[in-house]
Amino acid sequence: MHATTSLDPAEADELLTSVVLTDAGRQDPYRIYRELRARAPRWRSTTGATVVTGYHDGLEVLRHPKLGRAEPDMEVPPTVAGRAPRRAEGSSSMLLLNPPDHTRIRSLVSRAFTPKRVEELRPRLVELLGPVLDRFAAHGRGEVIGELAVPFPVSVISALLGVPEDGDEDIRPLVRSVTALIDAASDEEMNARGAAAAMQLAMYFLELIEERRAAPDDGLLSALIRVEEEGDRLSIEELVSNTILLYAAGFETTSNLIGNGLRLLLRHPDQMARLREDPSLLPSAIWEMLRADSPVQLNVRIALEPVELFGESHPRGAAFVVLQASGNHDEQVYDDPDTFDVGRFADGTAPTPLSFGWGAHHCLGAHLARAEGELVFGALLDRFDSIELDRSALGGGEPHYRPSFTLRGLESLPVLVR
């Protein structure tokens, strides 16, 4: 290893484990990331995985063409950040595939997430957002996570896919349970619930697919059904598993962006005032929210063949853990990285955060998530003269992050509005 390390691997593992598995670590992982960047910027874990904490190392791993998802025949041991997601034989979720299958499926669904398609959706997004803000205004308060950050992105992805709105309430908790399958902090019980929820979601979408076969609409699901019916480009298994993936990814990370982002603005009223005075900073502010408190904290990549990386040889099946939220705070890349600055990305010189991943698995809905964020924060600041944390609803305490790690989001965020 060429990175200077003053911690031995067991000590570095212990620090990272405290972030993944302890409540104190999950509430404030950034102080521990700071120590790891200073004392163990890159280390070979006692599990055998290579863990990277810096921006450039993370970028190299995420973009490397010989690194990807674990193949079914690989015996990949658990990393210090949990077991790497590995697809079962026959599984066809795009999240767990490598090229060429990943490339084929991604090319079919990516047409729904182009910047042009997202811009066409904007009037519908405004229409969906209005009633939520009306309720906040009527009561002078609201619970941001349950009333805005989750239901708004759910409505958006439902509209995009063609999922009926009356199905949202039924499948939303199932989707949240399924995310345990990719979370480093999940235990066996959570994984079992996630697997059961995945089966229920598969049954739901199989029924919906049959309905859409009989009565197609202009949603993405109907478009994918047409692809599946026209040849062997998309099997029914691929159709179901990737519809579940798109639905889950379409709201889970965006809801965390909205909740984490508003918490940052509430903690930095000077930045909220600055954004209110200059709405042109909204695109920069969204990138800064993604950088400062990333909805996705880590990524895992597996060597698909023997590879030379960081001056060492790594065999097929070697694991690499990218602490992308740490890379977003890398002092060698971002000036004063622990300062929240809504104008940081305004002039286009600051590097893009690692929050959406990179390479073949770069988040397909990144443009949609940023558009939703810009719309939500623009509307909140335009509609309300004052937004404050409702401390009485929290018993005088602070907002609390959910007991998960890979996906970072708040349990609740009550606010008072005027």
- Message: With a 10 Å cut-off between alpha carbons and a GNM built on the chain, which of Ser93, Ser392, Ser158 moves the most?
- Response: Ser392
- In square nanometres, what is the average projected area of the Cα convex hull of the stretch 208-363? 13.3
- Query: Just from its helices, what would the mean residue ellipticity at 222 nm be for the chain, if runs of 4 or more DSSP H residues each count -39500 (n - 2.57) and the sum is divided by every residue, rounded to the nearest 500 deg cm²/dmol?
  - Reply: -15500 deg cm²/dmol
- Message: Below 8 Å, C-alpha to C-alpha, sequence gap of six or more: please give me the relative contact order for the chain in percent.
- Response: 25
- Put one equal scatterer on each alpha carbon of the chain, apply the Debye formula with no solvent term, and list log10 I(q)/I(0) at q = 0.08, 0.09 1/Å to two decimals. -0.43, -0.55
- Mind sorting Glu331, Glu75, Glu252 by how few other Cβ atoms lie within 10 Å of their own Cβ, fewest first? Glu75, Glu331, Glu252
- Message: I'd like the FRET efficiency for Glu312 and Asp335, computed as 1/(1 + (r/R0)^6) with the beta carbon distance as r and R0 of 35 Å, rounded to 0.05.
- Response: 0.65
- Item | Mean separation of Cα contacts under 8 Å, 6 or more apart, over the residue count of the stretch 201-309: relative contact order % | 21
- Task: Treat the count of other C-beta atoms within 10 Å as a stand-in for reagent exposure and order Met199, Met190 from fewest to most.
- Result: Met199, Met190
- Item | the chain: most fluctuating residue of Ile145, Ile32, Ile302 per GNM, C-alpha cutoff 10 Å | Ile32
- Task: Assuming R0 = 35 Å, can you tell me the calculated FRET efficiency for the pair Gln27 and Thr349, based on Cβ-Cβ distance, to the nearest 0.05?
- Result: 0.65
- Query: Which of the helices in the chain meet the span-like rule: DSSP H, Cα axial reach of 24 Å or more, Kyte-Doolittle mean at least 0.5?
  - Reply: 236-267
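Any read-out appearing in this document is the output of simple, stated calculations on the displayed coordinates, not a laboratory observation. If you're wondering where the values come from, they're calculated on a predicted model, not measured in any experiment. Neighbour counts run over all protein chains shown; Cβ positions are idealised from the backbone, glycine included.
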